[in-house]
1. Is it fair to say ILE188 is surrounded by 14 or more Cβ atoms within 10 Å (Cβ to Cβ), β-branched (Val, Ile, Thr) and not assigned by the TED database to the domain that holds SER72?
2. When you scan region 86-113, how many residues do you find that are in a loop (DSSP other than H, G, I, E, B) and in contact (Cβ under 8 Å) with a residue 24 or more places away in the chain?
3. Aromatic (Phe, Trp, Tyr) and under 13 Å from LYS43 (Cα atoms): which single residue out of PHE115, PHE67 fits that description?
4. Mind checking whether some residue in region 128-139 is more than 18 Å from SER39 (Cβ to Cβ) and aliphatic (A, V, I, L, M)?
5. Working only within region 95-127, note down all residues that are under 14 Å from the mean Cα position of the chain (by Cα) and at negative phi.
6. Name every residue in region 202-235 that is more than 19 Å from GLY173 (Cβ to Cβ), buried (at least 17 other Cβ atoms within 10 Å of the Cβ) and within 17 Å of the chain's Cα centre (by Cα), in order of residue number.
7. May I ask you to list the residues in region 154-208 that are touching a Gly at 6+ places or on another chain (Cβ under 6 Å), outside any strand (DSSP E or B) and charged (D, E, K, R)?
8. Mind checking which residues of region 72-88 are among the polar types (S, T, N, Q) and within 16 Å of the chain's Cα centre (by Cα)?
Amino acid sequence: MDREGKKIKSFGGGSGNGDVKFSKPRGIAVTKDKYLLVSDNHKIQKVSMDGMSLASVGKKGPRSMQFNCPDSIAISPISRLVYVVDNENDRVQVFNPDLTFSHAFGSKGSGNGQFQSPHGIAFDVQGFVYITDKDNHRVQKFSQDGGFVTHFGSRKSGPGQLESPVGIAIDTGATGLVYVSERGSHRISVFTSDGVFVRSFGRKGSNIDQFINPYGMGFGNDGSLYICDFSNDRLVVY
C-alpha cells in the first residue's frame, strides 16, 4: 500500500502476484537488501519484492530452528541478525542474515528473561531489544545476546501498568520513546527506553481516537505511527 492507503500489489493467497504461498502469516520484516522475511505456519519465509519464494526455514517443534506459532520479526540495526518471537515456545530465536541458526533465549515462566506468550519485538538505536510479554503484562529489555536488562509494566490499567501488551514500536528517528499497544486496556502506552512512563492515549471505542484490541505497530520513514486497530478492522495513523 502507498501512504494514502491505496493497494500497490499483493502476493500469497489465491489472487496475489508471485509464487509464494502463505497460511496465516503473522510477522514481517524487510532486510537491508530489500527482501521480505515473513513468519508463517511454523516457519520463516524469505520472499522477493515481486512475491517470489527464495528460501524457507523451520517446521513445527520445540528444537532449534523449529517453531510453534512464530510471531513478530525484527532485524538488529547493529549486527543485522534476525530475531523471531517464537510465541508458543515462549522464547526468541536468533538467525544470521543467511537464516542459519545463531542462538535463542527465553523459556516459559514469569522470572526475569522468561516469557508467557511473547508477541511484539523492536530495537532501539543502541541495539537493545524490547519484547512484549503478554501474559506477564510487561515489556522486557535485553542485550543483543539475550542478556536480561530490565522490565517494565505490571498487570492493571493504571498509568505505567500494562494489560495484555502485544505490539511495540520505537521512535528511533526522533525521541527514542517506546510505544506499546495494550489489547486489555485498548490503548497505547508510551515509555522511555529505561521504562519510565510518559503518557498513554486511546480508550475502548470506534471513534478516530479510540481502539478495540490494538495490535501491531510501526513507524514510517516520515515519523508517522501506524497502528493496527484489530477489532475495528482498520489501520490508524498518528
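The values are calculated or read from the model by the stated rules, or taken from the named source; none is laboratory data. What you see is a predicted model; the values in this text were computed from it and never measured. We place every Cβ from the backbone using ideal geometry, glycine too, and count neighbours over all the protein chains shown.
1. So ILE188 fits the description; yes.
2. Qualifying residue count for the region: 7.
3. Values: PHE115 fails: under 13 Å from LYS43 (Cα atoms).
After applying the criteria, what remains is PHE67.
4. Yes, that holds for at least one residue.
5. Once the filter is applied, which keeps residues that are under 14 Å from the mean Cα position of the chain (by Cα) and at negative phi, region 95-127 yields PRO118, HIS119, GLY120, ILE121, ALA122, PHE123, ASP124.
6. Those that are more than 19 Å from GLY173 (Cβ to Cβ), buried (at least 17 other Cβ atoms within 10 Å of the Cβ) and within 17 Å of the chain's Cα centre (by Cα): ASN213, PRO214, CYS228, ASP229, PHE230.
7. Within region 154-208, just GLU163 meets the criteria.
8. SER72, SER76, ASN87
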